[in-house]
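Only one structure is covered here, and it is reproduced in the block below.
The values are calculated or read from the model by the stated rules, or taken from the named source; none is laboratory data. Computed from a predicted structure; not experimentally measured. All Cβ positions, glycine included, derive from the backbone under ideal geometry; neighbour counts span all protein chains shown. To get the accessible areas, we keep the full protein, side chains included, count just its heavy atoms, and leave off ligands, DNA and RNA. Shrake-Rupley method; radii C 1.70, N 1.55, O 1.52, S 1.80 Å.
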Amino acid sequence: MAERKRPKFRFQAKILIPIVIVMAVFLVGTLWMINTLIQRQLRAENRVSLFNTETLVTNAFERRAAFLIGQFGPTPENSGFASIAQHLDRAPNDEAWRKTMIDRLGTILGSTPVEGTSLILFTDPSGQLLASTNRASGLTAEQFHSACAPLVSEASNAGKTIFRTIELGGSLFDVTVAPCYDSPDRNQFGTLIFGVEIRDATARQFKFANSEIAFIANNRVVASTFGTRNMDDELLGEYRKLTAAGSKTDDAEDLSLVLRREHFGALPGRLPQFYGHGDSDAGYLLLSSYEQSWQSFRQVQRVLLIFSVLGIVLGTAIVWMVISRVTEPLRQLRNSAEAVGRGDFSRRIDIHSGDELGELAAVFNQTTENLQKSTAQLEKTVETLRTTQAQLVHSEKLSAVGEFVAGVAHELNNPLTALIGFAELVQMGEVDDETRSSLQRISNSAERCHKIVHSLLSFARQHPPERKLTNINAIIDSVVEILIYELRTSNIKVVRDLSPQLPRLLADPHQLQQVFLNIINNARQAIEAFRPHGAITITTRAEGRLVRVRFQDDGPGISEENLKKIFNPFFTTKPVGKGTGLGLSLSYGIIQEHGGSVTAESALGQGTTFIIDLPITNQPESAAPEAAPALQQSSTVGKGRKILVVDDEEDILGLVTQILSRQGYEVQGAPDGQNALVHLGKQRFDLIISDWKMPGINGQQLYQRLLEIDPKAAATMIFMTGDVLSEKTEKYLSEQGKTCLAKPFSVADFQRVVGEIFQRAP
């Protein structure tokens, strides 16, 4: 079969074509990015302008309301109208009086400088319509009076002129309701109602630079600054869309629209003084034009496009010239090589310069050797970086879990405190044995929940390396407690054969906890995939100067070939996505740092045993603290003493109140720091017990306030908390000499702490 002929490209073309493509892609990408940024900036600036204009419109609404109140409010007192209107004994049957009233109202309507004033009504003090003047088309005075009746009542009750906007007959009216009083006695003899219809002229009062406004009521545009009704459908549709999505949006794109080829930002709003008669959706649509900025942007866009094309053409020409000049020596070398390939060994390549081409043959081999060395070093560096990166990811995950568990601990410790405390309080009463047993189970289960949360927090929080005397058995118990649910649901039994006389080790308990958890979790996963039921046996023994810990499972075992590699970084027999291959290698490193060793024994089908040997320390153990003497629990121990309890959890507040009340203390409760300050301002307390973390004024802030206003009360404070105290908080409490009782606590522990405080008191 004949060999297919490959297309032949010159060397210059092979270099030039990719460079031109890269240049074109780069310039197009740059142009796109600039366009995107400019458009985003334009919309952002329009958004700011739109909200600034909205502020101006809001202020204009307020000024208009103040103007109408000022214009119509004083009228009854400052005109001859009062002298006519006060003769109510003639109304409403005196037609002459009624005609005089109507003429006077017509005079007021004709003389008002407020454009759009369409109706003036006069009512007696009870709100009954006596006289009216109406220039509004399609609307009767009785309809207007009916719509304004609640406003008349409101103005009379308030004793002052009020302003509202209403929708009636498909139009919007600014309504000013002014109670009329006689001057000497300020007795109300009636009410004047002024109706000013909102028209296009009114809308122009709310027009600012580059902005337009349209007033909408009863699903139609009643007034706008556009000067034409041909755009009403578009304005109404935009208003419906924006109000349906919410009048405020974080996306500038949602505020943009194009009307008659002009770019606007649109923002809906509600009438600030609108009274909900008729269509409750009456409002306005504010539009801010940024067409001038948009056209400037289009001009800049065209200029950028022209310069981009010129840049590509000019760059291509320059690159072609440079490549042609650089590749000339290579063409000479090619011709000489072809001559040698034809058997012309007499040809020689004359090198008249000492540049790179003259050293090409000698340098090539050296370059290859150096490249091999560099590649090997690079692979080693990449391997190290991968290990470091995986460790960092693992550390970040633990940090995130620590923060999450800290929050969960605070939320759980409060209800656990109430659960344990109330269960103990009930047990102290007269209950039968069966009830007492059930209550004890409740207490034990709550304590178990507390231990699980504490163990999770201890494992997940990041700790600086710290070596201290450590109880290996306690670490194993805490790890099993963390995994007990997963082990139980996987039908795996854990057998703990822990030596009670095990000496303590000088070790970092958090690092050892990580090692033990990794080994037990690996065993669980292996057994779960191998058999429906299984067992893990954990044994601790002291052997000479070592403590030996054995983890034995009845899983599938490990082949002899893989057993040699299980401690290698990134080696794993788990499926893709199930493991990183770092757990055992990190565990191996931790045990080595502690001066110990870790080995594995296994065979296929016979399970696996991990053996950890750790050296016993020569450091003597400190003596255990003596137990505090039992405190008196009599119901009269607190007689005559007052205690203030501050906690935002109602259950905790009730629990502590019951505990202290049973001892005879007089207890006051406060749900937060602000209420506590109120109680402290009224009376003095012998002891203040406050939660550390509360909304509003927290425990620390309450203590700081008392230091300033009542140092004696501050000296009697103790704290309790269900949160995990930071190192900074613990240092602060230590410096202030304050006691902080951790939640959950038992009734006995709480009574002991309170008793110790009063025992230390002078």
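Here is a list: L512, L517, L502, L483. Which entry is assigned to a loop (DSSP other than H, G, I, E, B) and open to solvent by less than 30 Å² (accessible area, probe 1.4 Å)?
Working: L512 fails: assigned to a loop (DSSP other than H, G, I, E, B); L517 fails: assigned to a loop (DSSP other than H, G, I, E, B); L483 fails: assigned to a loop (DSSP other than H, G, I, E, B).
It is L502.
For the list (1) assigned to a helix (DSSP H, G or I); (2) touching a helix residue (DSSP H, G or I) at 6+ places or on another chain (Cβ under 6 Å), I need the number of the one condition that N675 fails.
Of (1) assigned to a helix (DSSP H, G or I); (2) touching a helix residue (DSSP H, G or I) at 6+ places or on another chain (Cβ under 6 Å), only one is false for N675: (2).
I'm told Q299 meets every condition in (1) assigned to a helix (DSSP H, G or I); (2) open to solvent by less than 70 Å² (accessible area, probe 1.4 Å); (3) modelled with pLDDT of 80 or more except one. Can you identify the failing condition by its number?
(2)
(1) surrounded by 13 or more Cβ atoms within 10 Å (Cβ to Cβ); (2) of a type in the set (V, I, T); (3) at pLDDT 70 or above: which one isn't true of I84, the others all being true?
That leaves (3) as the condition not met.
Taking into account only those residues within segment 710-746 that are touching a Ser or Thr at 6+ places or on another chain (Cβ under 7 Å) and open to solvent by 20 Å² or more (accessible area, probe 1.4 Å), which is modelled with the highest pLDDT?
By that ranking, first place goes to C740.
Residues checked against (1) touching a helix residue (DSSP H, G or I) at 6+ places or on another chain (Cβ under 9 Å); (2) free of Cβ contacts under 8 Å to residues at least 24 places away in the same chain; (3) closer than 25 Å to Y290 by Cβ; (4) of a type outside the set (S, T, N, Q):
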{"site": "A155", "(1), (2), (3), (4)": "no, no, no, yes"}
{"site": "T161", "(1), (2), (3), (4)": "yes, no, no, no"}
{"site": "G169", "(1), (2), (3), (4)": "yes, no, no, yes"}
{"site": "V175", "(1), (2), (3), (4)": "yes, no, no, yes"}
{"site": "A178", "(1), (2), (3), (4)": "yes, no, no, yes"}
{"site": "A203", "(1), (2), (3), (4)": "no, yes, yes, yes"}
{"site": "E212", "(1), (2), (3), (4)": "yes, no, yes, yes"}
{"site": "N219", "(1), (2), (3), (4)": "yes, no, no, no"}
{"site": "N230", "(1), (2), (3), (4)": "no, yes, yes, no"}
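If you scan segment 22-76, which residues turn out to be of a type in the set (K, R), open to solvent by 80 Å² or more (accessible area, probe 1.4 Å) and under 27 Å from P113 (Cα atoms)? I'd like the intermediate steps shown before the answer.
Of all residues in segment 22-76, those of a type in the set (K, R) come to 40, 43, 47, 63-64.
Next, only the ones that are open to solvent by 80 Å² or more (accessible area, probe 1.4 Å) stay: 40, 63.
The answer is R63, and nothing else.
Between L109, L139, which is farther than 19 Å from Q188 by Cα, surrounded by fewer than 23 Cβ atoms within 10 Å (Cβ to Cβ) and modelled with pLDDT under 80?
Numbers: L139 fails: modelled with pLDDT under 80.
The match here is L109.
Looking at (1) closer than 18 Å to T112 by Cβ; (2) assigned to a helix (DSSP H, G or I), which is the one condition that is false for A178?
(2)
Those residues that are open to solvent by 20 Å² or more (accessible area, probe 1.4 Å) and aliphatic (A, V, I, L, M), I need them from segment 118-136; list them, please.
L129
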